[in-house]
Structure formats: structure tokens, C-alpha cells
Ligand code: C2E
Ligand code: CA
Ligand code: CA
Ligand code: CA
């Protein structure tokens with residue numbers, strides 16, 4: 001037993017070391033990727049549920065490795081958050097999104113509202129507001145075209161601090177969306193104190209909407225909540241015509257999902273927009 005125990009421990013330790021060194025390598029690669037600007041933003045269209053007109057895009061990050069492998073955000077955002085690297089990366093994302101918004105205008109497109117995901121760590125960092133206002137100034141974006149997507153986990157921590165911070169952002173003229181709505185533990189009674197413009201109904205409620213009456217009831221309730229609080233609702237992860245029609249029937253305001261388009265590189269987004 002003793003022997004086995006020791007063998008197991010050695011086995012365990014070897015694996016831990018392997019895990020730790022792989023982790024360290026990934027961390028170093030991410031640091032280098034940040035310095036070399038190996039990240040790119042993709043843009044996913046958001047449309048009006050009735051008219052299907054474009055109402056905005058969500059910026060979604062990808063890591064383009066030198067070996068041309070495309071790494072999705074789920075594989076590196078958690079590590080960036082643990083190491084604090086999310087702060088410089090988040091700043092880069094905001095600046096890049098605002099720069100892109102202006103570039104589309106220069107290329108003759110109408111001004112396109114752009115949504116940017118903000119991580120909780122980034123939002124709580126004390127330099128967040130000055131950084132945000134700097135980027136607005138330097139990029140020249142009209143703040144009403146910028147929308148910040150925050151998750152319930154951000155909003156539910158230290159509500160007094162969060163409300164103050166959100167009000168400041170609203171005073172700057174920036175829009176606010178509550179992302180992945182329904183998956184966290186937000187207290188509905190708190191919602192009215194947050195100056196939100198939009199609730200993003202999580203894709204888990206949209207999936208299988210045509211066969212799942214519970215999801216239908218949840219979405220109906222969120223839309224009703226939005227209406228009474230005068231907050232728009234957008235459904236994400238919409239993949240089928242059936243899902244779209246259900247959401248229309250439930251009077252959800254806006255739609256985002258593969259049914260209209262996957263996230264696209266800027267050039268492909270321009271093609272998508274001009275070919276419609
Ligand atoms: P999210 O903010 O909930 O973004 C929606 C995710 O759903 C995106 O995955 C998008 O590509 C995917 N999606 C959109 N439509 C459909 C659909 O019809 N069907 C399916 N199956 N999926 C759809 P992605 O791009 O892999 O992003 C994953 C998560 O990574 C995002 O979830 C967001 O939390 C985070 N993320 C992405 N970019 C950033 C960023 O710049 N900063 C931060 N902090 N987080 C980011
Ligand atoms: Ca989002
Ligand atoms: Ca989401
Ligand atoms: Ca999500």
C-alpha cells in the first residue's frame with residue numbers, strides 16, 4: 001500500500017509538472033502574442049428581428065498563431081484573466097473595435113454600432129474608466145456607437161461600485177448590454193438600478209426553441225421584463241428559421257446568430273453588408 005502510494009504520488013507529481021510547464025509555455029506564448037499583435041477581431045452581425053436590418057456587430061476575438069492555427073477565445077481568455085494579461089488585451093480590443101468602426105465609415109459604410117465584451121477583471125480595474133475615455137477621445141468614435149457587453153457575474157459583485165461605474169459609462173454616452181442573461185444569479189430586483197440598454201438572452205434558451213416549451217416560457221418572461229423596464233432584448237445563437245420565427249412571435253427585438261452570419265473578418269463583413 002505504502003509503495004503504491006508513493007508510486008501514485010510520483011506519477012501525480014510528474015503529471016503536475018508536465019501540466020505546469022505546458023501552462024507556463026502557453027502563458028509565455030500569449031505574452032508574446034500580445035506583443036506581436038497576433039490577435040484579430042471577428043465581427044458578427046446583429047439584426048432587427050422584424051426588418052432584418054443590420055443594427056450592429058459584436059466584436060469577438062481570435063488568436064491567429066504564426067502556424068496559422070485559429071484559437072477560439074474560450075481557450076485563452078481564462079488564462080489571460082488569471083494572469084492579469086486580460087487588462088492589456090482588453091484595452092487592445094476596445095481600441096481596435098473603435099478604430100475599425102471609424103475605418104468602415106472611411107470606406108463609405110454607414111456608422112455601425114459595435115459591441116465589445118468586457119471581462120469582470122477588466123471592469124473592476126481602477127484604470128478602466130480613464131482608459132475607456134481615452135480610447136473614445138483618441139479614436140474619435142461617437143460614444144453612442146459603442147456598446148459594452150457585461151456578464152451577470154460582473155454586475156452582481158459589489159453592486160454600489162458597479163452602479164456608480166455603470167452610471168459614469170452611461171454619462172459618457174456609451175451603451176450597456178447584459179450578456180448571457182439568465183445563466184447567472186442576478187437578482188431581478190437589482191436590475192432596475194442598473195442603467196442597461198439591452199438584455200442578451202443566452203443561447204442556451206434559444207437552442208431547440210421550437211420543441212422546448214420551457215425555453216419558450218423563459219424567453220417570453222425575459223421579453224416582458226425588458227418591455228416593462230424599457231430595455232431592449234436580443235437573442236444570441238439563433239441558427240434556424242424556426243428559432244427566428246419563434247423569437248419574432250415572442251417580440252424579441254434583435255437577433256444574432258449563424259442563421260444570419262457567423263463572426264466575420266472585417267473584409268468579409270463588408271462583403272456581407274454590401275451584398276445584402
Ligand atoms: P459570448 O460573448 O457569449 O459570444 C457569443 C459566442 O457564441 C461567440 O463565440 C460566437 O461565435 C458564438 N455564436 C454566435 N452565434 C452562434 C450560433 O448561432 N450558434 C452557435 N453555436 N454559436 C454562436 P466565441 O467567438 O467563441 O466567443 C466565446 C466567448 O469568448 C464569448 O462569449 C465571450 O464571453 C468571450 N470573448 C470573445 N471575445 C472577447 C473579448 O474580446 N474580450 C473578452 N473579455 N471576452 C471575449
Ligand atoms: Ca458577448
Ligand atoms: Ca453571450
Ligand atoms: Ca457566452
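How large is the Rg to Rh ratio of the range 237-276 when both quantities use alpha carbon positions and Rh follows Kirkwood?
Radius of gyration over Kirkwood radius for the range 237-276 works out to 1.06.
Does anything in the range 194-208 have its amide N under 14 Å from the 7 Å Cα→Cβ label point of residue 167, and if so which residues?
194-196
Would you mind classifying the range 53-212 by shape? Square roots of the alpha carbon gyration tensor eigenvalues, ordered a ≥ b ≥ c; an a/c under 1.5 is rounded, otherwise it is prolate if a/b is larger than b/c and oblate if not.
It is rounded, given that a/c, with a ≥ b ≥ c, falls under 1.5.
Give me the orientation-averaged projected area of the Cα convex hull of the range 188-276, in nm², one decimal.
Orientation-averaged projected area of the Cα hull: 6.7 nm².
Size of the range 10-122 along its principal axes in angstrom, Cα-based, largest extent first?
Answer, in whole Å and largest first: 63, 31, 28 Å.
With no solvent and one equal point scatterer per Cα, compute the Debye intensity ratio I(q)/I(0) for the chain at 0.11 Å⁻¹ and report its log10, rounded to two decimals.
-0.69
If you restrict to DSSP beta bridges whose two residues both lie in the chain, what percentage is antiparallel, to the nearest 5?
Percentage antiparallel, nearest 5: 40.
Return the FRET efficiency for the residue pair residue 106, residue 217: r is the Cβ-Cβ distance, R0 is 45 Å, and the value is rounded to the nearest 0.05.
0.45
Can you tell me the order of 40-51, 60-71 when each peptide is scored by its average per-residue count of other Cβ atoms within 10 angstrom, highest first?
Answer by packing, highest mean first, reads 40-51, 60-71.
Any chance you could run the full-extension gain for residue 11 through residue 124? It's 0.36 nm times the residue separation minus the Cα-Cα distance, nm to one decimal.
Full extension of this stretch gives 36.7 nm more.
Using Cβ contacts closer than 10 Å as the measure, can you line up 274, 83, 151 from fewest to most?
Arranged by neighbour count, lowest to highest, 274, 83, 151 become 274, 83, 151.
Which semi-axis lengths, in whole Å and largest first, follow from the square roots of five times the eigenvalues of the Cα gyration tensor of the range 188-232?
One finds semi-axes of 22, 10, 8 Å for the range 188-232.
Let's test the formula: R0 of 25 Å, r as the Cβ-Cβ distance of residue 48 and residue 204. What FRET efficiency results, to the nearest 0.05?
0.60
Does anyone have the angle between helix 128-139 and the longest principal axis of the chain? Alpha-carbon axes, 0 to 90°, nearest 10?
Value to nearest ten degrees: 60.
Can you give me the Cα centroid spacing of the range 150-228 and the range 18-85 in angstrom?
Value for the Cα centre distance between the two parts: 24 Å.
No value in this document is a laboratory result; all are computed from the given coordinates. What you are looking at is a predicted structure, and each value in this text was computed from that prediction instead of being measured. Neighbour counts are summed over all protein chains in view; Cβ atoms, including those assigned to glycine, are modelled from backbone coordinates with ideal geometry.
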